[in-house]
1. For residues that are modelled with pLDDT of 90 or more and of a type in the set (S, T, N, Q), scanning just region 82-100, find the one that is surrounded by the fewest Cβ atoms within 10 Å (Cβ to Cβ).
2. List the pairs whose first member sits in region 31-56 and is touching a residue at least 60 places away in the same chain (Cβ under 8 Å), whose second member is surrounded by 13 or more Cβ atoms within 10 Å (Cβ to Cβ) and charged (D, E, K, R), and whose Cβ atoms are under 6 Å apart, counting only residues at least 6 apart or on separate chains?
3. Would you mind finding the one in ALA191, ALA103 that is at pLDDT below 90, over 30 Å from GLU50 (Cα atoms) and outside any loop (DSSP other than H, G, I, E, B)?
4. Could you look through region 41-54, keep only residues that are touching a strand residue (DSSP E or B) at 6+ places or on another chain (Cβ under 8 Å) and among the hydrophobic types (A, V, I, L, M, F, W, C), and pick out the one that is surrounded by the fewest Cβ atoms within 10 Å (Cβ to Cβ)?
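The values are calculated or read from the model by the stated rules, or taken from the named source; none is laboratory data. Predicted, not measured: the structure shown is a model, and the values here were computed from it. Quick reminder, even Gly has a Cβ in these numbers, built from the backbone with ideal geometry, and neighbours come from all protein chains shown.
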Amino acid sequence: MSNALYHCKKAELHLPDGKAIPAKVSIGPIGGLIVAAAEKPAYQLGTPIEISFFDPIMGVVTCMCSLTAPLVDEDRTEYSYRCEILQQLSQDQRREDIKVPLAATVTIKLEGGTGAEAQATLRNISAGGVYLITSLGAAVGSRLSFMFHGAGGSLPLTAQVLRVEQVTDRLGRPLFGYGCQFVHLASRYEAQLRSYVFSEERRLHKIEK
């Protein structure tokens with residue numbers, strides 16, 4: 001399991017008193033996971049502790065772990081531990097992705113046929129798909145390509161239309177709403193999207209609090 005979390009950078013330690021401590025995740029020099037927290041957890045080393053790993057590929061993976069070999073940095077601002085995964089408890093949001101609201105405008109192109117282009121508004125996005133509104137007509141199964149610029153770079157995305165809805169703009173003019181699933185998505189772009197969605201979901205959650 002530690003090898004499967006190779007791309008993971010963030011985690012949360014769930015302490016017995018209910019407190020959650022954010023942590024950074026890295027791979028040690030001889031392999032294995034290293035977990036580094038900004039505060040020293042009130043926790044007896046070596047006993048099982050629940051940790052949620054926020055992995056850009058696998059989603060939220062919650063495991064029972066054991067932390068050992070404590071190391072404090074020179075400035076005492078970070079406490080690092082070797083992390084051994086004892087048992088995987090759950091894995092969420094790999095297929096049923098978290099969706100975050102969006103208000104971005106992109107230029108979409110209808111693949112095949114005439115190759116028509118039009119402006120579209122992205123209403124929500126996940127690592128698996130997108131909902132967009134546009135004046136461009138497309139049937140279920142059609143593919144729409146566009147560049148997404150909100151995830152730390154320009155991502156070339158292709159979305160296949162799964163459902164079509166009739167919607168209107170603020171002036172009552174008819175438009176199309178498309179629920180789409182990404183296809184032919186390279187793993188590095190999926191990782192960027194998933195990291196973006198996790199960051200946005202956590203940011204919005206903090207605002208709501």
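1. So the residue we want is GLN87.
2. From residues that are touching a residue at least 60 places away in the same chain (Cβ under 8 Å), the pairs are PHE54/LYS10; PRO56/ARG194.
3. Checking each option against the conditions leaves just ALA103.
4. The extreme case among them is LEU45.
Residues checked against (1) at pLDDT below 90; (2) of a type in the set (S, T, N, Q); (3) surrounded by 13 or more Cβ atoms within 10 Å (Cβ to Cβ):
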site: GLY18; (1), (2), (3): yes, no, no
site: ILE21; (1), (2), (3): yes, no, yes
site: VAL25; (1), (2), (3): no, no, yes
site: ILE34; (1), (2), (3): no, no, yes
site: GLU39; (1), (2), (3): yes, no, yes
site: VAL60; (1), (2), (3): yes, no, yes
site: LEU71; (1), (2), (3): yes, no, no
site: GLU74; (1), (2), (3): yes, no, no
